[in-house]
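Let me begin by presenting the structure, written as C-alpha cells, before commenting on it.
Rule-based calculations on the coordinates, nothing more; no lab input. Values in this document were obtained by computation on a predicted structure and should not be read as measured data. Note that each Cβ is placed from the backbone with ideal geometry, even for glycine, and that neighbours are counted across all protein chains shown.
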Amino acid sequence: MGDAAIERWSRQQSVLHRRDARAKIGALFAFLAAVSTTSPDSQIAFAGYALLLAAVIAAARLPFPGLLRRAALGLPFAAGFALLLWFSGERARALALLEKCYLSAAGALLLVATTPMPELLRALEILHLPRTVVLVIHFLYRYLFVISGQARRMRWAASSRGRLQFRSAAGALAVLFARSSARASGIYQAMLARGFSGQFPALAPPRWRAADAAFLIAAALASAAVRMAL
C-alpha cells in the first residue's frame, strides 16, 4: 500500500463500486464459505472461482496485474503448512490450501479495492461488529499510510545525500518505526483536540437499494453454483 493504489482504486466508478458495502460484505462471506468448503480434489471448482473473480475484477475496472500481485502477499503464510502437507504425501490438500488462500485473499482485496474505507467501516458498524474492532481496523489502515509516507521521506532524504542504500537495514527500520509512531501519536492528539470521542461521524447514512439486494443474491448464487456443480 505504499503507493496508495488500493485507496485510489476504491474511489473509482463502476457498477461494483456503486453497490452498498453491506451487500459486498455478504457476497464476500458467501464466496469464502464456498471456497473453504470445496473438496481439495475439485480443481475444476477452483478454476471456476478464479473465473468468477476475474469477471468481477473486470466489471470493477480494476487492473488485473496489480490486484493479483497484491493478493499473492498472503501466500507465504500458508506456504509452510502447504509444504508439510506436500512432504507428508497429501499433495492435493497442499495445492488446495494455497489455492484457497490465494482466492480468499483476492476476494477480500477486491472488497477493499471497491469500497472506500469509511463506507466499509460504517457497514461493519451497522452489521454490529464490535466498535473496538472497527476502531482497530481504522487506525491500522491509516497507520499503514503514515508509515509508508515516512518511509518515502526517508528514502528521498537518503537519495538526496547520495546514499541510495542504508548501511544498516535494522537501524533504518528502527528509525522508521520511531518516527512513524511519533507522527501517529501526534495525529491522534490532534484528533482528540478536535473532539474525537471514539466514533467517526458518518457524512451520509448508507441506502439499501434493490440493485444491492440483487447483487448480493446473484453473488451468493454464483458461488453456490460453482461449489455444488463442479
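Observations, loosely collected:
- Per-residue 3J(HN,Hα) values for region 206-212, derived from phi via the Karplus relation 6.51 cos²θ - 1.76 cosθ + 1.60 with θ = phi - 60°, read x, 10, 8, 10, 4, 5, 5 Hz in sequence order (x marks Gly and Pro).
- Extension reserve of the Y143-A211 stretch, reckoned as 0.36 nm per residue once the Cα distance is removed: 21.1 nm
- Panel order for R207, R8, by other beta carbons found within 10 Å of each beta carbon, from fewest to most: R207, R8.
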